[in-house]
Amino acid sequence: MSLPTPTLVTTRLRLRPFTDADADDLFALQSDAHVLRYWDSPPWTDPAQAGRFIARSQEMAEEGAGVRVAVERDSVFLGWCTFNSWNPEFRSASLGYCLGEAAWGHGYATEAAGAVLTWAFDALDLNRVQAEADTRNAASARVLEKLGFKLEGTLREDCVVNGVVSDSWVFGLLRGEWFARQRGTAGT
């Protein structure tokens, strides 16, 4: 069963399916060593990787495994957000995001991820979302905490990228927590 990639509009952002026209911006983002310093894979070195990422984004939606959307503000590419590893039987999935350094510190990651979560909880019978962040990435942990995720544990030495061993925090968000949070913040 396919999972059509939505177009979502927030106060400041537009989240939309990737197109081939995003390849150059995507490569610039994913080849930036500073942006990816806490990532679980090394920066890209081949522009063809962008095309494969875009194709895989489309395949993921066609297979019903998840969706990945480009995040833009005023038609400027900021990064992307993903809802993946969708398991309808367990009603669970994972959340991820990557934004360029110019977009950091403006609340865009929280806004984009919040839009994807709202869509996922509304459109699917979703019960749980998991997210992981490198333990050195306090900014990403803050994004998840702002969205209502709870720190559930640490995966010790779970990544080795370019010879650097790192730990990851595991965060979880349950359906009841998400909706309670939405009701509690409505109108504020």
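The values are calculated or read from the model by the stated rules, or taken from the named source; none is laboratory data. Since the model is a prediction, treat every value here as computed from it, not as a measurement. Backbone-built Cβ (ideal geometry, glycine too); neighbour counts: all protein chains shown.
The sole residue among A131, A109, A139 that is assigned to a helix (DSSP H, G or I), in contact (Cβ under 8 Å) with a residue 24 or more places away in the chain and within 17 Å of T82 (Cα to Cα) is A109. The sole residue among T110, T135 that is more than 17 Å from L3 (Cα to Cα), touching a helix residue (DSSP H, G or I) at 6+ places or on another chain (Cβ under 6 Å) and among the β-branched types (V, I, T) is T110. Restricting attention to the range 125-156 and to residues that are among the β-branched types (V, I, T) and under 20 Å from A112 (Cβ atoms), the residue that is surrounded by the most Cβ atoms within 10 Å (Cβ to Cβ) turns out to be V129. Among the residues of the range 20-35, those that are free of Cβ contacts under 8 Å to residues at least 24 places away in the same chain and crowded, with 17+ Cβ neighbours inside 10 Å comprise F27, S31.
Restricting attention to the range 157-188, the residues that are hydroxyl-bearing (S, T, Y), outside any helix (DSSP H, G or I) and exposed (fewer than 13 other Cβ atoms within 10 Å of the Cβ) add up to 1. Examine the range 52-68 for a residue that is in contact (Cβ under 8 Å) with a residue 24 or more places away in the chain and part of a strand (DSSP E or B), and state whether such a residue exists. For the range 52-68, residues in contact (Cβ under 8 Å) with a residue 24 or more places away in the chain and part of a strand (DSSP E or B): present.
In summary, D122 fulfils each of the numbered conditions (1) in a helix (DSSP H, G or I); (2) over 22 Å from T135 (Cα atoms); (3) modelled with pLDDT of 95 or more with the single exception of condition (3). With respect to A93, is the statement that it is touching a strand residue (DSSP E or B) at 6+ places or on another chain (Cβ under 8 Å), without any contact (Cβ under 8 Å) to a residue 40 or more places away in the chain, under 25 Å from S168 (Cα atoms) and in a helix (DSSP H, G or I) true? So A93 fails the test.
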